Amino acid sequence: MSTVRRGIHLRYTFESAEPAHQRGAEIENPLFDLLSALEAHGSISAAARAQQVSYRHAWSSLKHWEEILGAPLVQWEQGRRARLTPFAQRLMWAERQARVRMTPHVEALRAELARVFALADDATLQVLEIFASHDLGLPKLQTLAEECDGLHIGLRFAGSQEALRALNDGRCRVAGFHVAQDASSDSVMARAFKPLLQPGTHKLIGSHWRRQGWLWRQGETRPDSIAALRTGRWRFVSRQPESGTRLLTDHLLEQANLRPGKVPGYTTCIENTHVAVAAAIASGAADVGIGIEAAAVEAGLSFSPLVDENYFLVCLKEDLETPPLRALRERLASPAWAEALARLPGYGPARSGKVLSLTRTLPWWHFAKPKH
């Protein structure tokens, strides 16, 4: 097969209303819509009917994509269902994997575009930029705040440390990070977060708790302890450096007196979100990982708890009483937020919306005399 150079071009459109078939951060692509229809229905005519297009249009589209990609996409045998070629099957699998990994970034892009155009329409709309460690609850908070409070949250997922740096650098107004409930002052998390948080400068706001643990495919086995990863029996998928879950995993390894470098593949098989970790395991690209229970349930994986952690939001002291922060705190304290969390496995409210003492909630600082 000759080498074909394939370019990726992205574009977006405006609609008079949210399309009924658009779900969250999905990206439309006519090639994969057509291949999915062919895979499901087994013929051009049935795929065309499912897509509500003419046979001629579906056929010409298929030939167009085969010419662009330089390879056949469908196998035809008389009297049998049309089948995708091995190349088309690999293409579908790779595209699904890419979509899972891109989802938080695409959602951030959509949120940013929505923010910009909302400002163009309504200068009175309250806007709040949040950089936060990946979480399945925060998009629900984003929706509640916009629908109920007129507060548009520009949500961008980043590692916990990167989120706090963004707050300190002025790139956002609120940062989100999470800490194991038993994190001591000499833990990996304390050593990572303590330099980025300053009592008297930062204000801590309760949001929720969530449960992290082992993720693995149903019917298979998992390590009986974190130390068992040293054997290399399981292909472990880890999170990106400086993410809160990577810090949690480092913390668990340290408790087991096991250096990360002693875990085969620890620094080579990496994903940026809980959903991507779950997808890697579900697809067979990895065997086990550590992530939140909600991601395991969503991907149909087995889950075994390791630790409960608190998820906090933090802002600078001078922003705490601004209208967007007051609206955010009121939404966090609302029954609607508690109900949204109750629908996520392994989630629950935890002093939601309350302004917490940084030094009492995270007892990592030791002062010579009490601060007033």
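The values are calculated or read from the model by the stated rules, or taken from the named source; none is laboratory data. Just so we're clear, the structure is a prediction, and the values are computed from it rather than from any experiment. FYI the Cβ positions are ideal-geometry reconstructions off the backbone, even for glycines, and counts take in every protein chain you see. Each accessible area value is taken on the protein alone, full model and side chains, heavy atoms only, with ligands, DNA and RNA left out. Shrake-Rupley method; radii C 1.70, N 1.55, O 1.52, S 1.80 Å.
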Checklist line | Close pairs (7 angstrom Cβ cut-off, 6 or more residues apart or separate chains): more than 10 Å from Ile292 (Cα to Cα) in the stretch 339-353, of a type in the set (Ser, Thr, Tyr) anywhere | finding: Leu341/Tyr347; Ser352/Ser207
Margin query: Checking Val307 against (1) more than 16 Å from Thr249 (Cβ to Cβ); (2) touching a residue at least 24 places away in the same chain (Cβ under 8 Å); (3) surrounded by fewer than 18 Cβ atoms within 10 Å (Cβ to Cβ), only one condition comes out false. Which one?
Written below: (1)
Notebook entry, point to check: So, in the stretch 149-161, of the ones that are part of a helix (DSSP H, G or I) and either more than 15 Å from the chain's Cα centre (by Cα) or surrounded by fewer than 23 Cβ atoms within 10 Å (Cβ to Cβ) (or both), which residue ends up modelled with the lowest pLDDT?
Noted result: Asp149
Next item on the list: Identify, from the list Arg326, Arg351, Arg360, the residue that is open to solvent by 20 Å² or more (accessible area, probe 1.4 Å) and more than 22 Å from Ala183 (Cβ to Cβ).
Entry: Arg326
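Residue-wise test of (1) in contact with a Lys or Arg (Cβ under 6 Å, 6 or more places away or on another chain); (2) open to solvent by 40 Å² or more (accessible area, probe 1.4 Å); (3) at pLDDT 80 or above; (4) not small (Gly, Ala, Ser).
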residue: Ala82; (1), (2), (3), (4): no, no, yes, no
residue: Ala94; (1), (2), (3), (4): no, yes, yes, no
residue: Val106; (1), (2), (3), (4): no, no, yes, yes
residue: Phe117; (1), (2), (3), (4): no, yes, no, yes
Next item on the list: State yes or no: is Arg222 in a loop (DSSP other than H, G, I, E, B), touching a strand residue (DSSP E or B) at 6+ places or on another chain (Cβ under 8 Å) and surrounded by fewer than 20 Cβ atoms within 10 Å (Cβ to Cβ)?
Entry: yes
Next item on the list: Output the residues belonging to the stretch 125-156 that are among the hydrophobic types (A, V, I, L, M, F, W, C) and more than 18 Å from Glu309 (Cα to Cα).
Entry: Leu125, Val127, Leu128, Ile130, Phe131, Leu141, Leu144, Ala145, Cys148, Leu151, Ile153, Leu155
Notebook entry, point to check: Of the residues that make up the stretch 288-304, is at least one β-branched (Val, Ile, Thr), open to solvent by 40 Å² or more (accessible area, probe 1.4 Å), farther than 30 Å from Phe131 by Cα and out of contact with any helix residue (DSSP H, G or I) (no Cβ under 8 Å at 6 or more places or on another chain)?
Noted result: no
Checklist line | Pairs, first without any contact (Cβ under 8 Å) to a residue 24 or more places away in the chain in the stretch 247-268, second surrounded by 12 or more Cβ atoms within 10 Å (Cβ to Cβ) and aliphatic (A, V, I, L, M), C-beta under 6 Å, six or more apart | finding: Pro260/Leu253
Checklist line | Selection within the stretch 225-257 - more than 22 Å from Asp182 (Cα to Cα) and part of a strand (DSSP E or B) | finding: Phe236, Val237
Margin query: Among (1) modelled with pLDDT of 95 or more; (2) more than 25 Å from the chain's Cα centre (by Cα); (3) over 20 Å from Ser160 (Cβ atoms), there is one condition His372 misses while meeting the rest; what is its number?
Written below: (1)
Next item on the list: May I ask you to list the residues in the stretch 200-218 that are open to solvent by 20 Å² or more (accessible area, probe 1.4 Å) and either assigned to a strand (DSSP E or B) or free of Cβ contacts under 8 Å to residues at least 24 places away in the same chain (or both)?
Entry: Lys203, Trp209, Arg211, Trp216
Margin query: I'm trying to understand the selection: among the residues of the stretch 164-184, which are in contact with a Leu (Cβ under 9 Å, 6 or more places away or on another chain) and part of a helix (DSSP H, G or I)?
Written below: Leu164, Arg165, Leu167, Asn168
